[in-house]
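Structure, as structure tokens:
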Amino acid sequence: MDEIWDALAKRGAEEYGGEKVTQLQHGLQCATLAEQEGAPDALIAAALLHDIGHMIDIPSGETAESVAVKGIDTMHEDVAAAFLKPWFCDEVTEPIRHHVDAKRYLCFAEPGYFDGLSEASKRSLELQGGAFDESQARIWIAQPFAEDGVRLRRWDDLAKDPEAETPSLSHFQHIVERVAAGAETPSAA
Ligand code: FE
């Protein structure tokens, strides 16, 4: 798992695409919100690591935002899920894989959701395919772990506060390593 912590150590200080927090702060805030809501450990781990695709895929010197401006969708959710798969169960990787489509889902399902998104999130939505229509939304939300993807998405949207205080990375590293070791009983899909 050193690859995971190396990626966070090397790239965590970078700006989180167009927001006022770093990648590491964003992950820590996301995991903190999950923990405060009493989410299972696997979903806390997912919250911490959901954007690791931005840290292993984008060339150094670029950010998600600078790449998005060029009109490229890096598919960071698929990159992250594939990268994490050797260590983690679906309870971790599937909500991560769903967290972008969860935005497309909420843009359809929840009036006012789109208006509450940050400018960077609104911009990336276009590259990611835009809001779902009714039939896309119905099919998408019926998939395993889609609801967990929606929960993760809501923490993701809130985890952009430059003033927020969080526990340290080591606090969450213990949780992540416990989940990877299979100590967590997987929750039902
Ligand atoms: Fe995120």
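The values are calculated or read from the model by the stated rules, or taken from the named source; none is laboratory data. Since this is a predicted model, take the numbers as computed values, not measurements. FYI the Cβ positions are ideal-geometry reconstructions off the backbone, even for glycines, and counts take in every protein chain you see. Accessible surface areas use protein heavy atoms only, side chains included; no ligands, DNA or RNA. Shrake-Rupley method; radii C 1.70, N 1.55, O 1.52, S 1.80 Å.
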Within the stretch 166-180, can one find any residue that is modelled with pLDDT of 95 or more, surrounded by 14 or more Cβ atoms within 10 Å (Cβ to Cβ) and within 13 Å of the ligand (Cβ to nearest atom)? no
Given the conditions (1) open to solvent by less than 60 Å² (accessible area, probe 1.4 Å); (2) in a helix (DSSP H, G or I), every one holds for residue 88 apart from (2)
Top-ranked residue in the stretch 20-48 [being open to solvent by 30 Å² or more (accessible area, probe 1.4 Å) and within 14 Å of the ligand (Cβ to nearest atom); ranked as nearest to residue 91 (Cα to Cα)]: 33
